[in-house]
Each structure stands twice: as structure tokens, then as C-alpha cells.
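Below: one structure, written as C-alpha cells.
Every read-out reported here was derived from the displayed coordinates using simple, explicitly stated rules and does not represent laboratory data. Please read these numbers as outputs of a predicted model, since none were measured by experiment. Here the Cβ is made from the backbone with ideal geometry for all residues, glycine too, and neighbour counts use every protein chain on show.
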Amino acid sequence: MGWEIHLHLVAALSWIGGSVFMFVLGISLKNKEDQDAVYPRIGPIFGYFEITALVTLLITGTLMIINNGLIYMLFDSTIDNVVTTALRGKLILVAIMTFITLVHTVIAFRTNGKKRSKIETILSRGASMGIFILNFLVLHYAIVIRDIL
């Protein structure tokens, strides 16, 4: 493995660490006035940071799949082993997480500093919780794959 794994790990630490920080912040800020003071200021900065981390993860992950010859194994239905099963599972979760991140990001940037509708609030909070949980499932698959390789 080359430079990709190092960049992938830094991006993963940033992505998961940021998710945990925002989760703790969300739990800690019970007062609506505190939320209104904090989120409009740090939300956009955090959003761009996390988008950069996610794009880095997607690019470096794709490069590692290609460089390790796993791309062909992924699409060959006759190959079914621990690596391909774990990688397929991880990629499905990454796809779901990327989609809900896009949903959350669009809502967050569109409503920054504004009052959200009930559906926007539900979608945004649900997406945040989904991202938080999926991070740890993706991390589990990453550990399984790394142990094998």
C-alpha cells in the first residue's frame, strides 16, 4: 500500500472525529439560543471540512481498490470470499452514508441561519444520526479488510 492509505486514514480520522464532535455538541447544546449562536458560525466551516474529508476518502478508497486488484473481484459474482464480502458491505454503507450526507449538507447550507421546516429538521437530524452510526459500521468493515490484507 502506498501513500493512499495514509491520506485515507487522515481523512477517516477527520471525518469520524468531526462526526463525534458534532454529535457531542448537538447533545450538549440544549438551549435553542445557544444552538442559534453556534451552528450558523461553525456549520459552514465544518461542512466544507467534512466535504473535503469525504471526497478524499472516496478518491483514496477507489485508488486502493484499483491498486490492490480488488475492482475486478467486486464485480465478479463468482468470487465470494471474506475480502469481497467485507468490501461490498463497506461500499454499500459508504454509498448510503454519502447519500445521506448530501441530503444533510443541502439542507444545512440552504437553511443556515434560517428557521427549518418540520420535514427539514427531521431529515437533517435523521441524516446526522445516520452518519454518526454508519461511521462506526464502515470503520468496522475497514478494520476487517485491513486485517485480511
**Asked** Which of the following values of semi-axes √(5λ) of the Cα gyration tensor in Å was calculated from the structure shown: (1) 27, 16, 13; (2) 33, 15, 13; (3) 24, 21, 15?
**Response** (2)
**Asked** Nearest 20 debye, what's the magnitude of the dipole of the range 3-148 about its Cα centre given +1 on Lys and Arg Cβ and -1 on Asp and Glu Cβ?
**Response** 620
**Residue (of 89, 109, 23) at the positive-pole extreme of the range 3-148, dipole from beta-carbon charges** = 109
**Message:** Could you tell me the relative contact order of the chain? Use alpha-carbon pairs under 8 Å, at least six residues apart, and round to a whole percent.
**Reply:** 32
**Fill in**
Expressed in nanometres to one decimal, the distance between label points 7 Å along Cα→Cβ at residue 112 and residue 55 is 1.5
**Asked** Helix 32-67 sits at what angle to the longest principal axis of the chain, using alpha carbons and giving 0 to 90 degrees rounded to 10?
**Response** 10
**Request:** With a cut-off of at most 16 other beta carbons within 10 Å, and DSSP calling the residue loop, which trypsin sites (Lys or Arg not before Pro) in the range 47-117 qualify? Please list them.
**Result:** 114, 115, 116
**Value at 222 nm in deg cm²/dmol, rounded to 500, when DSSP H runs of n ≥ 4 in the chain each add -39,500 (n - 2.57)** = -30500 deg cm²/dmol
**Request:** Report, in degrees rounded to the nearest 10, the 0 to 90 angle that the Cα long axis of helix 118-148 makes with the longest principal axis of the chain.
**Result:** 30
**Message:** Could you list 6, 104, 140 so that the one with the fewest beta carbons within 10 Å of its beta carbon is first and the one with the most is last?
**Reply:** 6, 140, 104
**Prompt:** Applying 1/(1 + (r/R0)^6) with R0 = 22 Å to the Cβ-Cβ distance of residue 72 and residue 99, what FRET efficiency is obtained, to the nearest 0.05?
**Reply:** 0.30
**Request:** Tell me the Kirkwood hydrodynamic radius of the range 22-82 in angstroms, computed as one over the mean inverse distance between distinct C-alpha pairs.
**Result:** 15.0
**Request:** Report the label-to-label distance for residue 6 and residue 45 in nanometres (one decimal), using points 7 Å from each Cα along the Cα→Cβ vector.
**Result:** 2.8
**Fill in**
To the nearest 10 degrees, the tilt of helix 3-28 (Cα long axis) against the first principal axis of the alpha carbons of the chain is 30
**Asked** Projected area of the range 36-115, taken from the Cα convex hull and averaged over every viewing direction, in nm²?
**Response** 6.3
